[in-house]
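The values are calculated or read from the model by the stated rules, or taken from the named source; none is laboratory data. None of the values given here were measured: they were computed from a predicted structure. Don't worry about glycine lacking a Cβ; one is built from the backbone with ideal geometry, like all the others, and counts go over all protein chains shown.
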């Protein structure tokens, strides 16, 4: 019985943390308890424990709860163990220096894509993405590429085209304003797609010969990264 209670407490703690993801302004106790379906008294007790350990924090003015700094430490630990992230960084920086466009590295996390590394363009007009951002899978070049190689959209013509080409293109899909992107797969030692490398910026910089140059340079970059992490 004790083991069952302990497991339930852990599950409820995780439910609370997951419910707070993306809640930048925080969430009140009543709303939080209702959203995860557990009593307020239980929710409050767990929140107090999580706050003591730094996993949640409570705003003094609104009394709302949000994720605490300890979650960043745990998240960084997860990112650090992805060895291809460290390998990719130097190649991403080299690619950025060659084309002066922002370069991002994404992995798939269930129904989203997670940015695990980023090298920003030095140009004033560029896309706005940060490490740790969760973005849609069905919008943007990197998301569509990961979705295509996951097999979830294997019957859709657009995703079949991505598999044939070996890269994905996007144009103003995630947000208005004429942004464009190109994404290609990075493969691990098993030859399986483990991440997506993408470049992004204003659409007017992704046309004609310049776009073809970008595609060629990206092919060279993803192959170099894939080889270094064991793909043959």
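Structure notes:
- The test for being within 16 Å of residue 199 (Cβ to Cβ), in contact with a strand residue (DSSP E or B) (Cβ under 7 Å, 6 or more places away or on another chain) and in a strand (DSSP E or B) holds for residue 118.
- Condition check for residue 129: surrounded by 13 or more Cβ atoms within 10 Å (Cβ to Cβ) and in contact with a helix residue (DSSP H, G or I) (Cβ under 6 Å, 6 or more places away or on another chain): no
- Hits in the stretch 195-210 - residues which are in contact with a helix residue (DSSP H, G or I) (Cβ under 8 Å, 6 or more places away or on another chain) and touching a residue at least 60 places away in the same chain (Cβ under 8 Å): 195, 196, 197, 198, 199, 200
- So residue 80, is it over 18 Å from residue 181 (Cβ atoms), modelled with pLDDT under 90 and under 12 Å from the mean Cα position of the chain (by Cα): no
- Test: residue 89 is surrounded by fewer than 17 Cβ atoms within 10 Å (Cβ to Cβ) and modelled with pLDDT under 90: no
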